[in-house]
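S.K.: Below is a structure I'd like to ask you about.
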Amino acid sequence: MTVSVHIVCPLCAGINRVPNNKLAHGPKCGKCREALFGHSPQDLAAANFKKVTTRNDIPVVVDFWAPWCGPCKAMAPAYEQAAKELEPRIRFAKLNTEQEPSIGSGLAIRGIPTLIVFAGGKEIARQSGAMPQGEIIRWVESVL
């Protein structure tokens, strides 16, 4: 019997059941037919933050950032490369704290960039400060 996981579509927010053995084969959303993984971080906002962090059966790493933050801009390419390497085992997402201050303050984000790993709808790890790609990957893999 094949085990399936629930994956939230980054475009339409539809919830898809995907067999584990099909995750690496470019699964598409059953609702909008777009790819479930684009190997780049998904943009989050108040409308989809809770659904993405609680309804995905795979861990979700969220980068809390702001456009005026120099270290956030410097880390962005490394974060994208980490997403390319670790998806589809792990969903990568970004949340602009300037546009969504209530989410940042609700999670007690004190400095940016801050990465938070969510699994099973709960925060399981947090790391503040810019990191290079290899360090992001090592940190994420060490907490999962």
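S.K.: Over what distance in Å are the Cα centres of the stretch 1-21 and the stretch 50-106 separated?
M.R.: So the separation of the two Cα centres works out to 20 Å.
S.K.: Further, regarding this structure: Which entries in Lys73/Lys94; Lys51/Lys73; Lys22/Lys73; Lys28/Lys94 show an alpha-carbon gap greater than 24 Å?
M.R.: Violating the 24 Å Cα-Cα cut-off are Lys51/Lys73; Lys22/Lys73.
S.K.: Further, regarding this structure: Taking P(r) over Cα pairs in 5 Å bins from 0, in percent as the quantity of interest, determine which of [x] 2, 10, 21, 24, 21, 13, 6, 2, 0, 0; [y] 2, 9, 17, 21, 20, 14, 8, 5, 3, 1, 0; [z] 2, 9, 18, 17, 16, 14, 11, 8, 4, 1, 0 was computed from the displayed structure.
M.R.: The listed entry that was calculated here is [x].
S.K.: Compute the angle between helix 70-86 and the longest alpha-carbon principal axis of the chain, please, reported from 0 to 90 degrees and rounded to the nearest 10.
M.R.: The angle comes out at about 20 degrees.
S.K.: So for the stretch 1-110: antiparallel DSSP bridges make up what percent, rounded to the nearest 5?
M.R.: Here the share of antiparallel DSSP bridges comes out near 40 percent.
S.K.: About its Cα centre, how strong a charge dipole does the chain have in debye, to the nearest 20, once Lys and Arg get +1 and Asp and Glu get -1 at the Cβ? Don't jump to the answer; show the numbers that get you there.
M.R.: Values: 17 positive and 12 negative charges, 93 e Å.
Magnitude of the dipole: close to 440 debye.
S.K.: Counting helices only, and only those DSSP H runs with n ≥ 4, report the 222 nm mean residue ellipticity of the chain as the sum of -39,500 (n - 2.57) divided by its residues, in deg cm²/dmol to the nearest 500. Don't skip to the answer; put the middle values down first.
M.R.: On the way: 4 runs with 41 residues, N = 144.
That calculation yields -8500 deg cm²/dmol at 222 nm.
S.K.: Which of the listed residues, Ile15, Ser105, Met131, is farthest toward the dipole's positive end in the chain, when Lys, Arg count +1 and Asp, Glu count -1 at the beta-carbon?
M.R.: In the chain, that residue is Ile15.
S.K.: As an exercise, identify the chymotrypsin sites (Phe, Trp or Tyr not before Pro) in the stretch 46-100 lying in DSSP coil whose Cβ has no more than 11 other Cβ atoms within 10 Å.
M.R.: On the way: sites: Phe49, Phe64, Trp65, Trp68, Tyr79, Phe92; in loops: Trp68.
Here the chymotrypsin sites (Phe, Trp or Tyr not before Pro) that fit, given the DSSP loop and packing criteria, are Trp68.
S.K.: Which residues make up the longest stretch of the chain that has no trypsin sites (Lys or Arg not before Pro) in a DSSP loop with at most 16 other Cβ atoms within 10 Å? Before the final figure, lay out the partial values.
M.R.: On the way: sites that count: Lys31, Arg33, Arg89, Arg110.
That would be 34-88.
No value in this document is a laboratory result; all are computed from the given coordinates. Just so we're clear, the structure is a prediction, and the values are computed from it rather than from any experiment. As a convention, Cβ positions derive from the backbone with ideal geometry for all residues, glycine included, and neighbour counts pool all protein chains shown.
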